[in-house]
Amino acid sequence: MGRGDMDRLLETVDILRRECPWDREQTLFSMRYQALEEVYEFIEALEKGDRERVLEEIGDLLTVALMLLKIAEDEGVATAGEIVERTVQKLVYKHPHIFGDKRGWGMKEVLENWENTKRDGILSGVDTRRPALITAHRIGEKVARVGFDWERREDVLEKVKEEFREFLEAGDEERRKEEMGDLLFALAQYARKAGYYAEDALREANRKFKERFSKLEGEARRRGKRLKDMSLREMDEIWETVKES
């Protein structure tokens, strides 16, 4: 990427911020959901293996980032130069194996140093406002780097079974809710040990259910029926057919 390419994009963002009625009205706060939406669209494109869409979404993410930079300047939060300088300093500080005297470090040393740079504790950088299963995965990753982890994923599976038993034995709904959280956390750790995100597994389950239910609706229409007028047994019959197909 040449300097001219980035300058051209920056210029385009500046023009939009000045002249587009929608872009002109945006604030850092109002952009929060657009930023989140672009991230999820990028993830979706990756999961589908859609190269053209991936390239498009990378461009959208870059545009949002530059727009946030411009808005931060307009709101007097900081200049673009100040934000960039802070970012560079942070990257240099967290990568002494590249910019400092720790050259030759392997992955283990790099991750340990990364956690040691946290000023307020191992989990201080974990944002619990993120999707909960992703957060559980990240918590597990971080504490594992200091040795607080199960040795084998089979050990985690035993924990999952234990939490499920406690969920079933809970005496009231408040306790059952708590145990459900423990169970989901344990499942997220099992997925982590197995090498994938529980969030991805659940997203795929959601996609599969949505697709199957859409087919159920289509089959009901083909039979001249409306779902709300059908019995659960009738819908289950179609559902099983859809699953088999």
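Computed from the coordinates by the stated procedures, all read-outs in this text should not be read as laboratory data. Since this is a predicted model, take the numbers as computed values, not measurements. Every residue, glycine as well, gets a Cβ built from its backbone with ideal geometry; the counts of neighbours run over all protein chains shown.
Some observations on this one:
- Summing Cβ point charges (Lys, Arg +1; Asp, Glu -1) relative to the Cα centre of segment 134-196 gives a dipole of roughly 460 debye.
- Cα-based Rg and Dmax for segment 134-196, where Dmax is the largest Cα-Cα distance (Å): 12.2, 36
- Computed about its Cα centre, the charge dipole of the chain is approximately 340 debye, with only Lys, Arg, Asp and Glu carrying charge at their Cβ.
- Build a GNM of the chain with springs between Cα atoms under 10 Å apart, and of THR12, THR27, THR79 the one that fluctuates most is THR12.
- Choice from LEU123, LEU227, LEU69 with maximal GNM fluctuation in the chain (Cα, 10 Å cutoff): LEU227
- Test item: Cα-centred dipole of segment 3-93, Lys/Arg +1 and Asp/Glu -1 on Cβ, debye: 280 debye
- Placing unit charges on the Cβ atoms of the charged side chains and taking the dipole of segment 83-210 about its Cα centre, the candidate lying farthest along the positive direction among GLY147, ALA132, GLY106 is GLY106.
- Cβ-derived FRET efficiency at R0 51 Å, LYS225 paired with GLU85, nearest 0.05: 0.20
- Gyration tensor (alpha-carbon) shape descriptor, segment 1-64, a/c threshold 1.5: oblate
- Computed per residue of the chain from DSSP H runs no shorter than four, each worth -39500 (n - 2.57), the mean residue ellipticity at 222 nm is -24500 deg cm²/dmol.
- Of the cross-linked pairs LYS177/LYS208; LYS70/LYS102; LYS142/LYS177; LYS48/LYS210; LYS161/LYS208; LYS94/LYS193, those separated by over 28 Å at the C-alpha level are LYS70/LYS102.
- log10 of Debye I(q)/I(0), alpha-carbon scatterers only, for segment 201-244 at 0.26, 0.27 Å⁻¹: -0.90, -0.94
- For the pair TRP105 and ARG18, a Förster radius of 45 Å applied to the C-beta separation gives a FRET efficiency near 0.45, rounded to the nearest 0.05.
- For the chain, modelled as a GNM whose springs connect Cα atoms under 10 angstrom apart, the maximal fluctuation among GLU44, GLU204, GLU234 occurs at GLU234.
- Taking segment 199-225 and a reference point 7 angstrom along Cα→Cβ of VAL242, the backbone N atoms nearer than 15 Å belong to 205-225.
- In the chain, Rg over Rh equals 1.06, where Rg is the alpha-carbon radius of gyration and Rh the Kirkwood radius from pairwise Cα distances.
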